[in-house]
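Structure first, commentary second.
The values are calculated or read from the model by the stated rules, or taken from the named source; none is laboratory data. What you see is a predicted model, and the numbers here were worked out from it, not measured in a lab. Cβ sites come from the backbone with ideal geometry, for glycine too, and all protein chains shown count toward neighbours.
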Amino acid sequence: MTGWLRPRLAVTTLAVLVAACGSPGGADSGDAAGEVSGELLVFATASLTDVIEDLSRAFIAQHPDVEVVRNVAGSQTLARQLNEGAPADVFASANTTQMAAVADAGNLASDPEVFTSNRLEIAVEPGNPLGIGGLEDLADPDLVLVLPAEEVPAGQYARDALGAAGIEVAPASLEQDVRAALSKVALGEADASIIYASDIVASDGRVSGVAIPAEQNVLASYPVAVLADAPNPAAATAFVAFLLSAEAQDILADAGFAVP
């Protein structure tokens, strides 16, 4: 299993910073799994980059003997790593396609459960100086458009939306994940991209969002599951239950995600 973790991937550890914050709360978020401890390795899709830290902190507040380690990358990259034998406890994907790839390889211990959803928005420079009003404006040949690559969930959702609207575009580049597409617009290297509504929130003003009407939009479903060879299945089961809890749903809503 050596070599599965490429240096560019964000692998971070959330230290147990809240052990002294009092007794665990939230009885609806995994207490049925009993006391859990040890390292919990969560593979989370790139669009969860920021909120997965908040979710991990809230989970640790209830289970202070757990250390959450996060591997964040595009869903397709994570699925490939898992199917190549990378150790992990939990996989949270931005679409059912990549989750199915892991399931079909026999690498899931439980049926996936959709724990949140997302909508697409057009990311533009702060203040929208070019006056981009909708998907049809992205066909302008003078506009520098970047999109997540087609194998990336956000890239496939974007193509579904454009195809349904009958709009053809010529992206200047295809990015390895949704956060890379966001960064191109935030850095002024592109005029626009199609990303998730939650990424607009996470950008903290570095980009502005242009809403896509419901009839042109695509709902992105996020499934989560415990891995078949999870090193810490008890903590994994508790974490999945937590993601479905009211507390976790509030955290996700604040980050721009929607109900499952």
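Tell me, please, whether a residue that is closer than 30 Å to GLY85 by Cβ and over 18 Å from the mean Cα position of the chain (by Cα) can be found in the range 238-257.
So far as the range 238-257 goes, yes, one or more of its residues are closer than 30 Å to GLY85 by Cβ and over 18 Å from the mean Cα position of the chain (by Cα).
Which condition from (1) outside the structural domain of VAL240 (by TED's automatic domain parsing); (2) within 18 Å of the chain's Cα centre (by Cα); (3) not β-branched (Val, Ile, Thr) is the one that PHE91 breaks?
In the conditions (1) outside the structural domain of VAL240 (by TED's automatic domain parsing); (2) within 18 Å of the chain's Cα centre (by Cα); (3) not β-branched (Val, Ile, Thr), PHE91 misses (1) alone.
Name the one entry in LEU182, LEU174, LEU130, LEU145 that is of a type in the set (A, V, I, L, M), within 28 Å of VAL51 (Cα to Cα) and more than 21 Å from the chain's Cα centre (by Cα).
After applying the criteria, what remains is LEU145.
Grab the helices (runs of 4 or more DSSP H) fully contained in the range 158-260, keeping just those with 1 or more residues being over 24 Å from GLU125 (Cα atoms) and modelled with pLDDT of 95 or more. Steps first, please.
Details: elements: 178-186, 197-202, 233-243, 246-254.
Output list reads 233-243, 246-254.
Can you say whether ALA123 is surrounded by fewer than 15 Cβ atoms within 10 Å (Cβ to Cβ) and either within 27 Å of VAL226 (Cα to Cα) or within 19 Å of the chain's Cα centre (by Cα) (or both), as far as the supplied structure shows?
Spelling it out, it is not the case that ALA123 is surrounded by fewer than 15 Cβ atoms within 10 Å (Cβ to Cβ) and either within 27 Å of VAL226 (Cα to Cα) or within 19 Å of the chain's Cα centre (by Cα) (or both).
Going residue by residue through the range 242-250, is there one that turns out to be crowded, with 23+ Cβ neighbours inside 10 Å, under 29 Å from GLY106 (Cβ atoms) and hydroxyl-bearing (Ser, Thr, Tyr)?
For the range 242-250, residues crowded, with 23+ Cβ neighbours inside 10 Å, under 29 Å from GLY106 (Cβ atoms) and hydroxyl-bearing (Ser, Thr, Tyr): absent.
Here are VAL66, VAL16: which of them is at pLDDT below 55 and either among the aliphatic types (A, V, I, L, M) or within 13 Å of ALA236 (Cα to Cα) (or both)?
Result: VAL16 is the single residue among VAL66, VAL16 that is at pLDDT below 55 and either among the aliphatic types (A, V, I, L, M) or within 13 Å of ALA236 (Cα to Cα) (or both).
Of all residues in the range 156-185 being on the phi < 0 side of the Ramachandran plot and either without any contact (Cβ under 8 Å) to a residue 24 or more places away in the chain or in contact with a Cys (Cβ under 9 Å, 6 or more places away or on another chain) (or both), which is surrounded by the most Cβ atoms within 10 Å (Cβ to Cβ)?
SER183
Within the range 87-102, can one find any residue that is under 21 Å from ALA238 (Cα atoms), charged (D, E, K, R) and crowded, with 21+ Cβ neighbours inside 10 Å?
Among the residues of the range 87-102, at least one is under 21 Å from ALA238 (Cα atoms), charged (D, E, K, R) and crowded, with 21+ Cβ neighbours inside 10 Å, which makes the answer yes.
Going by what's in this entry, would SER193 be described as under 21 Å from ALA73 (Cβ atoms), touching a strand residue (DSSP E or B) at 6+ places or on another chain (Cβ under 7 Å) and surrounded by fewer than 21 Cβ atoms within 10 Å (Cβ to Cβ)?
Criteria not met by SER193.
Based on this model, can you work out whether ASP199 counts as among the charged types (D, E, K, R) and closer than 21 Å to SER93 by Cβ?
Working: among the charged types (D, E, K, R): yes; closer than 21 Å to SER93 by Cβ: yes.
It is true that ASP199 is among the charged types (D, E, K, R) and closer than 21 Å to SER93 by Cβ.
Does ALA230 fit the bill of being over 15 Å from the mean Cα position of the chain (by Cα) and outside the structural domain of VAL66 (by TED's automatic domain parsing)?
no
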